[in-house]
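Below is one structure, written out as structure tokens, with a few remarks after it.
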């Protein structure tokens, strides 16, 4: 596939929507590697990095950009309590 795009005065380019969709490039989240080769400039999508921390309990906690601090032990306890309420018929 080949497309022609223009660069603006600031050196920015717009990757066409169909190409962004095909490669899963999301606004503000996509990271691209810029590489020079004998053929020219190559843009390559980089895999999304998911931050992870080891909790003091030993759990590995993966964080999304929307999470602040989470406690996996507390989350398990909350889910367990929710299921107990559900089994007892509590609301």
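The values are calculated or read from the model by the stated rules, or taken from the named source; none is laboratory data. Keep in mind that what you see is a predicted model, and the values were worked out from it rather than measured. Using ideal geometry, Cβ is built from the backbone for each residue, glycine included, and neighbour counts are taken over all protein chains shown.
Looking at residue 54, is it surrounded by 10 or more Cβ atoms within 10 Å (Cβ to Cβ) and modelled with pLDDT under 85? Explain how you work it out, then say what you get.
On the way: surrounded by 10 or more Cβ atoms within 10 Å (Cβ to Cβ): no; modelled with pLDDT under 85: yes.
So residue 54 fails the test.
In the stretch 31-51, the qualifying residues are those that are modelled with pLDDT under 75 and surrounded by 10 or more Cβ atoms within 10 Å (Cβ to Cβ), and the one that is farthest from the chain's Cα centre (by Cα) is 51. Taking (1) loosely packed, with under 10 Cβ neighbours inside 10 Å; (2) outside any loop (DSSP other than H, G, I, E, B); (3) within 21 Å of the chain's Cα centre (by Cα) in turn, residue 28 satisfies each apart from (2).
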